[in-house]
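J.: What follows is a single structure, and I will ask about it in a moment.
Only the coordinates and a few stated rules stand behind these numbers; no lab work does. Everything numeric in this text was worked out from a predicted model, so none of it was measured. Using ideal geometry, Cβ is built from the backbone for each residue, glycine included, and neighbour counts are taken over all protein chains shown.
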Amino acid sequence: MDCIFCGIVNGSLPTELIYEGDQIVAFRDITPQAPTHVLIVPREHIESVAALGEAHTPLLGEMFLAAQEIAQQEGIGETGYRLVFNCGRAAGQSVDHLHLHLLGGRKLGWPPG
Ligand code: 5GP
Ligand code: ZN
């Protein structure tokens, strides 16, 4: 299987990890859309939100708590940030390995494009 994020998780695609947890890693997006743009990614290959099951509940908790901690580290914990899961092509998902976008450091528009 040719998965970019599996490659980053297993080290075959060298990428600086800014956070490592039991079930997740986080690294900066290669095409940042904001001053802080971090991807929080499970070590396990899961295609998208649509492929989640009840057994993934602890993983999701870990992803959100990591987001909270990284936001603090990035200095945007108080000013605010956005967490996004794109699910499926119509929503803009381009990498089929679950990832939570953490975006902040500028005023973010709403609704998203
Ligand atoms: P999606 O569009 O699936 O919601 O988000 C995928 C994100 O992964 C995009 O924001 C894209 O810039 C980022 N991305 C794609 N390939 C790589 C890569 O090789 N390294 C890093 N750090 N980010 C990547
Ligand atoms: Zn993968």
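J.: Could you list which residues have their amide H under 5 Å from that of Cys87, counting only those 5 or more apart in sequence or on another chain, with H placed in the peptide plane?
T.: For Cys87, the qualifying residues are Gln93.
J.: Residue farthest toward the positive end of the dipole of the chain, with Cβ of Lys/Arg at +1 and Asp/Glu at -1: which of Pro35, Cys6, Leu83?
T.: The Cα lying farthest towards the positive end belongs to Pro35.
J.: For region 2-91, which trypsin sites (Lys or Arg not before Pro) are both in a DSSP coil and crowded by at most 14 other Cβ atoms within 10 Å? The partial results should precede the final answer.
T.: Values: sites: Arg28, Arg43, Arg82, Arg89; in loops: Arg43.
Sites meeting the loop and neighbour criteria: none at all.
J.: Viscosity 1.567 mPa s, temperature 4 °C: give me the Stokes-Einstein translational D for region 5-44 in µm²/s, with Rh taken as the Kirkwood radius over C-alpha pairs. Can you show the working numbers first?
T.: Values: Rh = 10.4 Å.
Reported coefficient: 125 µm²/s.
J.: A further question follows. Starting at the first residue of region 17-33, write each ³J(HN,Hα) from the Karplus equation 6.51 cos²θ - 1.76 cosθ + 1.60 with θ = phi - 60°, in whole Hz, x for Gly and Pro.
T.: Couplings: 8, 9, 7, 9, x, 3, 10, 9, 10, 9, 8, 7, 5, 5, 10, x, 9 Hz.
J.: Calculated from DSSP H runs of 4 or more alone, at -39500 (n - 2.57) each and per residue, what is the 222 nm mean residue ellipticity of the chain, nearest 500? Walk me through the intermediate numbers first.
T.: Details: 2 runs with 24 residues, N = 113.
Helices in the chain give a 222 nm mean residue ellipticity of -6500 deg cm²/dmol.
J.: Another question, if that's okay. Across the Cα atoms of region 41-113, what radius of gyration and what greatest pairwise Cα-Cα distance (Dmax) are found, in Å?
T.: 13.2, 35
J.: Taking the 0 to 90 degree range and rounding to the nearest ten, how far is the long axis of helix 57-73 tilted relative to the main principal axis of the chain, both from C-alpha atoms?
T.: 40 degrees
J.: Tell me, in nm to one decimal, what length is gained between Asp29 and Phe85 on full extension, where the rule is 0.36 nm per residue of separation less the Cα-Cα distance?
T.: Working: separation 56, 0.36 × 56 = 20.16 nm, distance 1.38 nm.
Computed gain between Asp29 and Phe85 is 18.8 nm.
J.: Non-local amide H neighbours of Arg43 (under 5 Å, H modeled in plane, Pro and chain starts lacking H): which ones?
T.: Distant-sequence amide H within range of Arg43: Ile24, Val25.
J.: Also: What do you get for GluC sites (Glu not before Pro) in region 1-87 restricted to DSSP loop and a cutoff of at most 13 other Cβ within 10 Å of the site's Cβ?
T.: Numbers: sites: Glu16, Glu20, Glu44, Glu47, Glu54, Glu62, Glu69, Glu74, Glu78; in loops: Glu16, Glu44, Glu47, Glu74, Glu78.
For GluC sites (Glu not before Pro) across region 1-87 that sit outside H, G, I, E and B with at most 13 neighbouring Cβ atoms in 10 Å, the list reads Glu16, Glu44, Glu78.
J.: What net charge is computed for the residues neighbouring Gly75, neighbours being all others with C-beta under 13 Å from the C-beta of Gly75, Lys and Arg scored +1, Asp and Glu -1? Don't skip to the answer; put the middle values down first.
T.: Values: positive: Arg106; negative: Glu69, Glu74, Glu78.
So the surrounding residues net to -2.
J.: Something else now. Sequence gap at least 6, Cα distance under 8 Å: using those rules, report the relative contact order of the chain to the nearest whole percent.
T.: Working: 159 pairs, mean separation 34.7, N = 113.
31 percent.
J.: For the chain, just give the cysteines left without a disulfide-compatible partner, judged by no other Cys Cβ under 4.7 Å.
T.: Cys87
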